[in-house]
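J.: Mind having a look at this structure? Questions to follow.
The values are calculated or read from the model by the stated rules, or taken from the named source; none is laboratory data. The model shown is predicted, which means the values in this text are computed figures rather than measured ones. Cβ sites come from the backbone with ideal geometry, for glycine too, and all protein chains shown count toward neighbours. For the accessible areas, the whole protein counts, side chains as well, though only heavy atoms, and no ligand, DNA or RNA atoms are used. Shrake-Rupley method; radii C 1.70, N 1.55, O 1.52, S 1.80 Å.
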Amino acid sequence: MIAITNRIYKLAGVVFTCAVVAACSADVENPPPLNSGEASAGDADFTTFVSVGDSLTAGYTDGTLYLLGQQNSFPAILANQFADVGGGAFEQPLTNDNLGGLIRNDAPILDPATNENLFDNRFVFNTDTETPERLEGDSTNEVNGSGLNGTAFNNMGVPAAKSFHVITPGYGDDANIDTGEANPYYVRFATTPAARVIDDAGILAPSFYTLWLGSNDVIWYGFAGGDDAIATDRYAADDVDPANYLYYDISHPAVVATSILEGINKFNEENPDVKGVVINIPDVTTIPYFTTVPYNPVPLDQATADAVNVAYEPYNAALQQALAAGVIDEAEAALRTIQFVEGQNAVVILDQDLTPIGGPETFMRQATANDLIPLEVAPVIGTLADPSNPNSALGVGVPLEDKYVLIPSEIQAMQAAVAAYNTEIQTVVDTFSNVMLFDAASFFAELRANGGIDYGTGSVNDDFVTGGFFSLDGIHPTGRGSAVFSNALIDAINAEFNANVYKVDAANYPTVLLK
């Protein structure tokens, strides 16, 4: 079963300073014109535009797929601009409303392990509590009987799809949902139960396409905190057989490259004159989902800090004994020593990379700025592992488990995979004269550097809630973020294909919804 970020979270240690989030991007007086000259398709043909990818392509935003997000997806924005230079209709498998969520046979789709709703409604931001929360209401977006099956769509973005899923038969078969081999989002609009995403995308024989795959091949490992019990680095294991992969695994770069190559070949086969854009992968460890919650979100007064320190005295003493015995060195002893102070404190975590000196609890240390605590973990910190024991606060008296934290080796594994994906993607693109590469890795690096990206009448950056680019799930862009991304794509397309497709004013697109 596939779940996508559905917890409600309180943001520990995070302060939002913009009273009106939509106004955080300052307007620019007398901005330069976005466009000039006569609009032109240049050497490209935008008559039939198809876009293949995952949630980033589908228009998934604020933790779900809903109508406005789809209408403001980057492919929809591109298609609207392409219409001025010969582009035709652009059909999407639209949801029913702006609530989001997903149901199957008129009932919520539940996680069998936790009984939680796997496909919940969209987030809004409650300005009183400074907390993202889900909109209330019953979803009407039915997996079965949606009326979309049998139709060829221009937007073939499938939330949660990994690269190899788009070339896997049966990924849209309702009978495969319970085994995790099918995706309910694709079940909604697959032409047949046995269809492959890439074959459905090829039905329209596109004259122009975008292909963006690979982000989910690595980011799901981060969602699992790199926990060895449920997530495997298949790249490090040199495993190129997706049949062995579980959902939280890191895919091998060769698997990503094979999927992209098959996509390009499919489009070339359907239309020899087609042109396309392949988009590479950003460093997903730098998005707000992984960077918003600080490593030291625990506020303590002196009395509480003293009491917690007393509880950790035996552990710290055991570290000194291990040091004296030569089991660990001074650097590791210092790293593992737990000490709380008055003010903000780092959470206590388990780090399996530490030298074993006893039971599992002896892998404890406090987090540092080199660790990442995912956004969804914020509400877990400080809750009681044992409701009857007031000293069992998670992250204080009880360490956060591996699934709740990305330690440096896990972060490096994700970054190494992304770098390898991008090398493979570049190699694939270089073999085709009718395909260009868009460097999303550089785009997202620019987004987090030097104040963000100026779009002419304002700017966006990667700050959670206030930056304007990322939605309330900390992963996917807002409508404004999609507009800024689309403009960057248009610049690249214009340069590559001698075109003059006009850009949009990103200020006309929404950011997060306030309550």
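J.: Mind listing whichever residues of region 421-457 are over 30 Å from residue 252 (Cβ atoms), touching a residue at least 60 places away in the same chain (Cβ under 8 Å) and open to solvent by less than 20 Å² (accessible area, probe 1.4 Å)?
T.: Of everything in region 421-457, just one residue is over 30 Å from residue 252 (Cβ atoms), touching a residue at least 60 places away in the same chain (Cβ under 8 Å) and open to solvent by less than 20 Å² (accessible area, probe 1.4 Å), namely 456.
J.: Then there's this: When you go through (1) among the hydrophobic types (A, V, I, L, M, F, W, C); (2) buried (at least 16 other Cβ atoms within 10 Å of the Cβ); (3) at pLDDT 50 or above one by one for residue 28, which number turns out not to apply?
T.: Among (1) among the hydrophobic types (A, V, I, L, M, F, W, C); (2) buried (at least 16 other Cβ atoms within 10 Å of the Cβ); (3) at pLDDT 50 or above, residue 28 violates only (2).
J.: Out of 115, 154, report the one residue that is surrounded by 17 or more Cβ atoms within 10 Å (Cβ to Cβ) and not basic (Lys, Arg).
T.: After ruling out the rest, the residue left standing is 154.
J.: On to the next question. Being touching a Pro at 6+ places or on another chain (Cβ under 8 Å) and open to solvent by 30 Å² or more (accessible area, probe 1.4 Å) narrows it down to one residue among 339, 344; which is it?
T.: Just a single option satisfies the conditions, and that option is 344.
J.: List the residue pairs whose Cβ atoms are under 7 Å apart, where the first residue sits in region 308-328 and is within 26 Å of residue 344 (Cβ to Cβ), the second is open to solvent by 70 Å² or more (accessible area, probe 1.4 Å) and outside any helix (DSSP H, G or I), and the two are 6 or more positions apart or on different chains.
T.: Cβ pairs passing all conditions: 309/339; 311/391.
J.: From 172, 180, 145, 137, grab the single residue that is free of Cβ contacts under 8 Å to residues at least 12 places away in the same chain and either in contact with a Phe, Trp or Tyr (Cβ under 7 Å, 6 or more places away or on another chain) or surrounded by fewer than 17 Cβ atoms within 10 Å (Cβ to Cβ) (or both).
T.: The match here is 145.
J.: Can you tell me which condition residue 460 does not meet? The list is (1) in contact (Cβ under 8 Å) with a residue 40 or more places away in the chain; (2) part of a loop (DSSP other than H, G, I, E, B), and all the others hold.
T.: (2)
J.: For residue 352, which of the numbered conditions (1) open to solvent by 50 Å² or more (accessible area, probe 1.4 Å); (2) modelled with pLDDT of 95 or more; (3) closer than 25 Å to residue 369 by Cα fails to hold?
T.: Among (1) open to solvent by 50 Å² or more (accessible area, probe 1.4 Å); (2) modelled with pLDDT of 95 or more; (3) closer than 25 Å to residue 369 by Cα, residue 352 violates only (2).
J.: What number of residues within region 380-408 satisfy the criterion of being closer than 19 Å to residue 225 by Cα and either within 20 Å of the chain's Cα centre (by Cα) or open to solvent by less than 40 Å² (accessible area, probe 1.4 Å) (or both)?
T.: Adding up the residues that qualify gives 14.
J.: Which of (1) farther than 28 Å from residue 228 by Cα; (2) in contact with a helix residue (DSSP H, G or I) (Cβ under 6 Å, 6 or more places away or on another chain); (3) of a type in the set (Gly, Ala, Ser) is the odd one out, the single condition residue 420 does not satisfy?
T.: Answer for residue 420: the failing condition is (1).
J.: What tally of residues in region 157-169 results from selecting those that are touching a Ser or Thr at 6+ places or on another chain (Cβ under 7 Å) and open to solvent by 30 Å² or more (accessible area, probe 1.4 Å)?
T.: 1
J.: For the structure I just gave you, tell me whether residue 239 is in contact with a His (Cβ under 9 Å, 6 or more places away or on another chain) and charged (D, E, K, R).
T.: Criteria met by residue 239.
J.: Return the pairs, sorted by first residue and then second, in which the second residue is open to solvent by 10 Å² or more (accessible area, probe 1.4 Å) and basic (Lys, Arg), the first residue lies in region 212-224 and is within 13 Å of residue 246 (Cα to Cα) and in a loop (DSSP other than H, G, I, E, B), the beta carbons are less than 8 Å apart, and the residues are 6+ apart or on different chains.
T.: From region 212-224, the pairs are 224/403.
J.: Go through the residues of region 184-199 one by one and say whether even a single one is touching an Asp or Glu at 6+ places or on another chain (Cβ under 7 Å), open to solvent by 10 Å² or more (accessible area, probe 1.4 Å), more than 17 Å from residue 59 (Cα to Cα) and basic (Lys, Arg).
T.: No, that holds for no residue.
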